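**Q** Please read through the structure below; I'll follow up with questions.
The values are calculated or read from the model by the stated rules, or taken from the named source; none is laboratory data. Source: prediction; values computed, not measured. Virtual Cβ from ideal backbone geometry, glycine too; neighbours counted across all protein chains shown. Protein only, heavy atoms only, side chains kept; ligands, DNA and RNA dropped before computing areas. Shrake-Rupley method; radii C 1.70, N 1.55, O 1.52, S 1.80 Å.
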Amino acid sequence: MKVAVVGYPNVGKSSLVNRLSGSREAVVHERAGITRDRKEIPAEWNGRRFTLIDTGGLDTEDPDPMAGSIREQAQAALSESAVAIFVIDAQAGVRPGDEELADLLRRWNKPVIIAANKVDHVGDMALAHEAFRLGLGDPQAVSAAQGLGTGDLLDRVVDLLPDDEEEADEDVVRLALIGRPNVGKSSLLNKISGQDRVIVSDVAGTTRDAIDLRLEIEGREVVIVDTAGMRRQSKVNESVEYYTTLRSTRAADRADVALVVCDAQDGVTAQDMRIAEMAMGAGCATAIILNKWDITEMDEDQLKHERAKVQNKLRLRPKVLTASAVSGRGMDRLLREALGLADRMRQRVPTPELNRWLSEVTSARQPPQKQGKRLKAYYAAQVDTNPPRFQISINHRQRMTRDYAYFLENRLRERLALDGVPVIIDFTERGVSRREGGRGGRGGRRASVDRD
């Protein structure tokens, strides 16, 4: 069940969404117009779960094309919602823009609650009374900054929500689109969804938040997260960019798969590599997408060079795919690869198969020895998934070298088609528990070995 939060620019909608949801998901800044796309944030009150949709400020008189796109996104949020929270600035009073939006909401024919925000002190409660003139019922005085009145507001929201059926837990794949500014992430999302779900502009930095979109792809539920462009740290020179970059990083933290979107005209840049490394460090299976392939002048030899560059520099060896958000070229393959990566993150390999593999690789390349004593590998087993984690029992950890550990990891990737998938291998001495012997973790992306 969804609740749209709408209002004039800079009345505190995002701050109120953060207060009601108990999160910091929505970007908040003193400058007007920071929120542009609609962002869905889960919330719960008195055991009732619902989704708040934060929207950009609605200014019907603003001629800027971006303002028109923001209005379309806010109207789409209303079309999906059962209840609307209409936020006004109680300190500023009712303005012409508020009256125009109130006229639209009166014709919406669904419940609307006026939230008179910025009532930061009990003595200012009377400031909310002016909102009676909007003809949308009793206004609720609230303070997003102080929390005043927000419990009463949530009570009213829950009372107005229609009864809904309990939703069954499903095996949802979370897919993040990340990359530099203006490489076409939002265009790819719109192409995948078949609708203009997020604003697309030639202006770099149009997307400022991580936008979740729930879709069904090949019969599976997928949540796709479009994120703000990530610049090099030295170029993040204002607080808005700092917090949008932080949210992009957090989007990778909660994703199963990250698609690192690049501009095919630039190739895979050093910043693209850094972003891919960030996604891998967050525990995401990763693929690299060369978008705008329909207008690039790159030939097949140059594409091979880009792929070889990625294979040589990134340990997870992610695939490099080509796509065009405009023509749709490569989109089916892109989605198949994303779902395949999610499946390989969650796959569980039978122990007999792993032990056959271990026997083959140790026969192909003899384990190292130190001081005349050779390393022995006894057995292998998978101990966790998402990302896959394996345990290999050995006779002595000090005899394991980094080179041999990497050799085993690479051969395991080849056997199980795990390119682009984080892999953790714990090497444990016989008779030592995994808790005592392993050093891997969700953040670890390489075999757990001692340094030479």
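**Q** For Ala126, indicate whether it is in a loop (DSSP other than H, G, I, E, B) and either in contact (Cβ under 8 Å) with a residue 40 or more places away in the chain or over 33 Å from the mean Cα position of the chain (by Cα) (or both). Before you say what the answer is, go through the steps one by one.
**A** Numbers: in a loop (DSSP other than H, G, I, E, B): no; either in contact (Cβ under 8 Å) with a residue 40 or more places away in the chain or over 33 Å from the mean Cα position of the chain (by Cα) (or both): yes.
Answer is no for this residue.
**Q** Which pairs do you get when a residue that is within 22 Å of Met345 (Cα to Cα) and part of a loop (DSSP other than H, G, I, E, B), found in the stretch 304-318, comes within reach of a residue that is hydroxyl-bearing (Ser, Thr, Tyr) and open to solvent by less than 70 Å² (accessible area, probe 1.4 Å), reach meaning Cβ atoms under 9 angstrom, with the pair 6+ apart or on two chains?
**A** Short answer, once both residue conditions are applied: Leu314/Thr286; Arg315/Tyr406; Leu316/Thr286; Pro318/Thr286.
**Q** With the requirement that a residue be in a helix (DSSP H, G or I), more than 30 Å from Arg174 (Cβ to Cβ) and of a type outside the set (A, V, I, L, M, F, W, C), what does the stretch 348-403 give you?
**A** Kept after step one, since they are in a helix (DSSP H, G or I), are these residues of the stretch 348-403: 351-364, 397-399, 402-403.
Narrowing further to those that are more than 30 Å from Arg174 (Cβ to Cβ): 352, 355-356, 358-364, 397-399, 402-403.
Matches in the stretch 348-403: Pro352, Asn355, Arg356, Ser359, Glu360, Thr362, Ser363, Arg397, Gln398, Arg399, Arg402, Asp403.
**Q** Identify, by number, the condition in (1) closer than 20 Å to Gln271 by Cα; (2) open to solvent by 20 Å² or more (accessible area, probe 1.4 Å); (3) in a loop (DSSP other than H, G, I, E, B); (4) in contact (Cβ under 8 Å) with a residue 40 or more places away in the chain that Val326 doesn't meet.
**A** Failing condition for Val326: (1).
Okay, residues lined up against (1) open to solvent by 50 Å² or more (accessible area, probe 1.4 Å); (2) part of a loop (DSSP other than H, G, I, E, B); (3) out of contact with any strand residue (DSSP E or B) (no Cβ under 8 Å at 6 or more places or on another chain); (4) modelled with pLDDT under 55:
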site	(1), (2), (3), (4)
Phe407	no, no, yes, no
Pro422	no, yes, no, no
Thr428	no, no, no, no
Gly444	no, yes, no, yes
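A quick yes/no check of all residues on (1) in contact with a Lys or Arg (Cβ under 6 Å, 6 or more places away or on another chain); (2) open to solvent by 60 Å² or more (accessible area, probe 1.4 Å):
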site	(1), (2)
Gln302	no, yes
Ala308	no, no
Arg348	no, yes
Trp357	yes, no
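Yes/no matrix, rows are residues, columns are (1) buried (at least 18 other Cβ atoms within 10 Å of the Cβ); (2) at pLDDT below 85; (3) within 14 Å of Lys118 (Cα to Cα); (4) among the aromatic types (Phe, Trp, Tyr):
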{"residue": "Lys13", "(1), (2), (3), (4)": "yes, no, yes, no"}
{"residue": "Val17", "(1), (2), (3), (4)": "yes, no, yes, no"}
{"residue": "Ser23", "(1), (2), (3), (4)": "no, yes, no, no"}
{"residue": "Arg38", "(1), (2), (3), (4)": "yes, yes, no, no"}
{"residue": "Asn46", "(1), (2), (3), (4)": "no, yes, no, no"}
{"residue": "Arg49", "(1), (2), (3), (4)": "no, no, no, no"}
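**Q** Among the residues of the stretch 352-407, count how many are closer than 16 Å to Thr428 by Cα, of a type in the set (Gly, Ala, Ser) and more than 33 Å from the chain's Cα centre (by Cα).
**A** Qualifying residue count for the region: 3.
**Q** What residue, among those in the stretch 161-177 that are open to solvent by less than 70 Å² (accessible area, probe 1.4 Å) and either assigned to a loop (DSSP other than H, G, I, E, B) or under 21 Å from Lys13 (Cβ atoms) (or both), is modelled with the lowest pLDDT?
**A** Here is the first cut: in the stretch 161-177, the residues open to solvent by less than 70 Å² (accessible area, probe 1.4 Å) are 161-162, 164, 172-177.
Narrowing the set further to residues that are either assigned to a loop (DSSP other than H, G, I, E, B) or under 21 Å from Lys13 (Cβ atoms) (or both) leaves 161-162, 164, 172.
Working: Leu161: 91, Pro162: 86, Asp164: 60, Val172: 86.
Taking the candidates together, the pick is Asp164.
**Q** Pick from Ala82, Ala74, Ala116: which is farther than 23 Å from Asp163 by Cα and modelled with pLDDT of 90 or more? Please lay out each step first, then the result.
**A** On the way: Ala82 fails: farther than 23 Å from Asp163 by Cα; Ala74 fails: modelled with pLDDT of 90 or more.
Of Ala82, Ala74, Ala116, the one residue that is farther than 23 Å from Asp163 by Cα and modelled with pLDDT of 90 or more is Ala116.
**Q** Give all pairs with beta carbons closer than 8 Å in which a residue from the stretch 350-372 that is under 21 Å from Arg397 (Cα atoms) and of a type outside the set (A, V, I, L, M, F, W, C) meets a residue that is part of a helix (DSSP H, G or I) and open to solvent by less than 50 Å² (accessible area, probe 1.4 Å); count only pairs at least 6 apart in sequence or on separate chains.
**A** Arg365/Tyr404; Arg365/Phe407; Pro367/Arg399; Pro367/Tyr404; Pro368/Arg399; Pro368/Tyr404; Gln369/Arg399; Lys370/Arg399
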